[in-house]
1. How long is the gain from residue 38 to residue 103 if the chain were fully straight, where each residue apart is worth 0.36 nm and the alpha carbon distance is subtracted?
2. If contacts are Cα pairs under 8 angstrom and at least 6 residues apart, what is the relative contact order of the chain in percent?
3. Determine the relative contact order of the range 54-126: mean sequence separation of Cα pairs under 8 Å and six or more apart, normalised by residue count, in whole percent.
4. Treating the beta-carbon of each Lys and Arg as +1 and of each Asp and Glu as -1, no other charges, what is the dipole magnitude of the range 63-128 about its Cα centre, to the nearest 20 debye?
5. If amide H atoms are built 1.01 Å from N in the plane of the peptide, which residues on other chains or at least 5 residues away come under 5 Å of the amide H of residue 53?
6. With the calculation restricted to Cα positions, what are the radius of gyration and Dmax of the chain in angstrom?
7. Would you work out which of 71, 29, 90 lies farthest towards the positive end of the dipole of the chain, given +1 charges on the beta-carbon of Lys and Arg and -1 on that of Asp and Glu, about the Cα centre?
8. Karplus couplings for the range 66-83 from phi (6.51 cos²θ - 1.76 cosθ + 1.60, θ = phi - 60°), rounded to Hz, Gly and Pro as x?
Amino acid sequence: MSVFTRVVLFTDSDGRARFRQEPLPLAQGTPQSMLSELFASGGYQLRHSPVGFRSSFHCTTHPQWVFILGGQMEIGLQGGISRVFGPGQHFFSADLLPEGATFDPQVHGHWSRQVGPDPLATLFVRAA
């Protein structure tokens, strides 16, 4: 059976954002076109971020897939860890603010920024 590796940005038990990888089985379709199960979605948005864009620390408000269509996106976590995603790459953003917590930019969330010479084009697909 084929597998798709989903990169997940999530909130760990200590309230900090982390990355992990999860296998998604591709058990449907044909040998020439293996498919995952059908996932529900709650709509999508396209975003253009100019050269030089950088956000402050924030949490994801709704779990969503993030697909990089053009340019490069860097995601930074507390403690100086970061990861760069380029065209054709993805991650599933699910680093929600822990229930009952008040947002603290020294603990919670991630930042994002455009890197490289090209503007950033992204597709956000909200999980249902």
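None of the figures in this text is laboratory data; all of them are computed from the coordinates on show. Please read all numbers here as calculations on a predicted model, not as lab measurements. Don't worry about glycine lacking a Cβ; one is built from the backbone with ideal geometry, like all the others, and counts go over all protein chains shown.
1. Values: separation 65, 0.36 × 65 = 23.40 nm, distance 3.35 nm.
Full-extension gain reported as 20.1 nm.
2. This gives 36 percent for the chain.
3. Values: 159 pairs, mean separation 36.8, N = 73.
Here the relative contact order equals 50 percent.
4. Values: 3 positive and 5 negative charges, 30 e Å.
In debye, rounded to 20, the range 63-128 gives about 140.
5. Distant-sequence amide H within range of residue 53: 114.
6. Considering the chain through its Cα atoms, Rg and Dmax are 15.5, 48 Å.
7. 71
8. My calculation for the range 66-83 gives 10, 10, 8, 8, x, x, 9, 10, 9, 10, x, 10, 4, x, x, 6, 8, 9 Hz in order.
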